[in-house]
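Report on the structure given below.
The values are calculated or read from the model by the stated rules, or taken from the named source; none is laboratory data. Source: prediction; values computed, not measured. FYI the Cβ positions are ideal-geometry reconstructions off the backbone, even for glycines, and counts take in every protein chain you see.
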Ligand code: HH2
C-alpha cells in the first residue's frame, strides 16, 4: 500500500515562502502581508509546482485546483491536522500520544555511545536507570546495544547480533520484572529485535528504516509490536556523513520514510503501529539538521506520529556554542531548544537523554502554549 509523501509546509512569512519555493526552483508570487500565514502543498513526483494556500482562503484555492490535485491536497491537509493517534503496542496496550510530545528516555548499554557510552554498560545499572526514567516522566524507554555514532567521534566498533543480544536482553528482562511500562529496542538487526520482543519489548526503533535487514518488518508484524522508522542517508553510520547533500532537504527524507512505511504496511505492520523520525545527525549537514527541525511539521503530512532526537548531538553542541568535550549539563540548553522546536512543530515523541529536565521543560512550554485567559486577571501574586 503506497504511503503518500505529498507534504504541507507552513510559511508564516514571505521569506519562508521564498525559502520553500527555492527548494523546487520555483518563485512564488508576491503576496500582501495580510494574506499570511500560508501553507505550501508539495506534490510528490508531480510536474505540478507546489501550491501556496493563504490559510484564510484555503477553500477558494482548493476549488481552483484540478480535481486530482484538489483531492491530494485535501488528503495532505487532513493527515497534517489529525492529532497523533495512540501508538498500538502488543497485548492491546497503547502508547498514549495525546499529551504530545511524550518523552522517550535513552539508555545505551554500550561502551562507546557518543554521549553516555560506558555509563550504563552494566545491565543492572541500565535497568535501574530505565525504571528511574519512568518515574521521572518518560512515557517509554529506548534500550540500545550498538552505538550508531558518526565517524567524527571515531568509528564505533561493529557489534555482532549475539553481542548486542547479550547486552540488551538482561536489561529488558530486568525492566520487565518490575514494570509493564513501554520499552523500545533500538536496533537495525532482526535477530536482536526478535530476542528483545520475546523478552517483552513493545516497539522496534530501526535507525535503518528497514533497509539493514529485510526480515525486520515481518518480525515486527508477527509480534504485533510498534515500529519507529528512522531516516539515515545510506545504511552505514560509519559512512553516512560522507555525502550530506539532498535534492530537497525535507522531501527526500519524507519520501524515503514514506517508502519504508509502505514496506512495513505490505509486511503486515498495522498503520496505527508505525511512527517516523527524520534521523537528525544521520547523514545530515549541520544546517540540514536545523532545516529539518524547523520544518518538522511537514513530516506530519505522512500521516504517522513524528518522533525526533536531537539530544546532545554534534549540531546541537555546535550551534549552542559549546565544545565537543563539553559536559552533559553544557549540552542541555541546546537540546532543550531543539525540544521546543519539536514541540511547536507538533512532534509526538522526543528522544532524549535528560529525562527530568525535558519533562519539566515541556510542562512549562505547553503551559504557555495552552493557557487561555478570557481577560487579564487582576492579581498581585507572582
Ligand atoms: N539517535 C541515535 C540513536 N537512535 N533513534 C531514533 N529514532 N532517533 C534518533 O535521533 C536516534 C536514534 C543516536 O543517539 P544515541 O543513541 O545517544 O547514540 P549512539 O548511537 O552513539 O548510541
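Worth pointing out:
- Set side by side, the residues 87, 95, 131 differ, and just one is more than 12 Å from the ligand (Cβ to nearest atom) and out of contact with any helix residue (DSSP H, G or I) (no Cβ under 8 Å at 6 or more places or on another chain), which is 95.
- Considering (1) assigned to a helix (DSSP H, G or I); (2) closer than 17 Å to residue 74 by Cα, the lone condition that residue 9 does not fulfil carries the number (1).
- Condition check for residue 58 on (1) at pLDDT 95 or above; (2) in contact with a strand residue (DSSP E or B) (Cβ under 8 Å, 6 or more places away or on another chain); (3) not in a helix (DSSP H, G or I): one failure, at (3).
- Listed by first and then second residue, the pairs with beta-carbon distance under 6 Å, at least 6 apart or on different chains, first residue in the range 49-73 and over 16 Å from residue 4 (Cβ atoms), second at pLDDT below 95, are 49/26; 52/28; 54/35.
- Residue match in the range 98-112 (condition: surrounded by fewer than 18 Cβ atoms within 10 Å (Cβ to Cβ), farther than 23 Å from residue 325 by Cα and within 17 Å of the chain's Cα centre (by Cα)): yes
- Among the residues of the range 1-34, those that are in contact (Cβ under 8 Å) with a residue 60 or more places away in the chain and farther than 23 Å from residue 344 by Cβ comprise 1, 2, 3, 4, 24.
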